[in-house]
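Asks: My questions will all concern the structure given below.
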Amino acid sequence: MKKTTISFLALMLVSLTRSGAQVPGAAQQVESVQQRRQLDQSANRQQEGEGAPELYPGETSDTGPQSVLRIKPRKTWFEAQADVQYFYTDNMFLTDNNEQAADVLVSTVELALAPTAYPLGGGQFAPRIGYRHQWFDYGLWCATIDNTNFKLREFDFNAQTAFADARWSRDNWILEAGFDYQSLMTAESYEQFYQEYVPRWGLQRLFPLCESSVLAVGYAGDYRFTDEDVPFFIPSDLNDRTDHSLFVNFTTAVCKHAVVQPYYRFKYTHFTDDLVDRDDYLHSFGIAVHCFLTRNISVRAFVNYEILESSNQFVPEYNKLDAGGGVNFNIRF
């Protein structure tokens, strides 16, 4: 039997027998939620501290050029965010059959040293360094796994992320680079079961289409150095991988305080460990509606659909639908 077969069968056994329950694909679920938060932030402001096309008629008539739906802010040094997402997912465990539906509550707090963008090299440079904590809670409405007495709440977990990144923008180009350290822990005992070190980079181009619409096209890449809590006979870094994504977001204002944002992302993932012969192809597409109640508070509703294909026969190829809403509070000081 090939080493690849042995490795994946062992991982399947671990997921069934480990005493501390965890969500299969927890890291992927964290990444999916974070991508939705990034879409919310891009709808809120395409480029911090730099002019952007109007997203509704007369937006700049009184205030002059401004970021998308946000007046160009005074110079600040810190940014704090609180965010809540509540949504339904039809495939909590990312399986290709016997899908488990669940309701999910994701609560996020984030604090960063994020000075207002300043001129550099003919563009605007915006660095950040900070910390983010997230709580993933399952089954607030549907409490048990289908046809069993196992409670979904046993799969709750927390994610801690320390991050540093920078964004440089000029004209309608945006260049980004950063580094994340992320740790996933069980909810009850805060026992770590997964950690990763992630250098990341990206480039995107904004295409103003009219005074109320803008199209963003870009690329994002990363490398994930992983360390997972697995038995001694399985390499702890078996899930080391590199991701490469292409995405397109279309943002258009429907009124002064609301925008609609359909989007699509294709992600190619290559697992780099010699024991794993695996390449994944993930298609993510959906639509979100963002409403800005004040300069600091926004609400959103979203629908997202994912399709995963893999070159490895032991990896489940799945479809997943998420639908729900969220509230975000953001303040700079």
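Asks: Under a cut-off of 13 Å between alpha-carbon atoms, report the aspartates and glutamates in cross-link reach of Lys151, not counting same-chain residues fewer than 8 places apart.
Replies: Partners within reach: Asp103, Asp137.
Asks: OK, next. Grab the beta carbon distance between Arg153 and Lys256, set R0 = 45 Å, and tell me the FRET efficiency rounded to 0.05.
Replies: 0.65
Asks: Tyr219 to Thr272: extension gain in nm, 0.36 nm per residue of separation minus the Cα-Cα distance?
Replies: Fully extending the segment from Tyr219 to Thr272 adds 17.0 nm.
Asks: Taking Cα centroids, how far is region 87-129 from region 164-224 in Å?
Replies: Centre-to-centre (Cα) distance: 9 Å.
Rule-based calculations on the coordinates, nothing more; no lab input. All of these numbers come straight from a predicted model, not from anything done at the bench. A quick note on method: Cβ atoms are made from the backbone with ideal geometry, for glycine too, and the neighbour counts reach across all protein chains shown.
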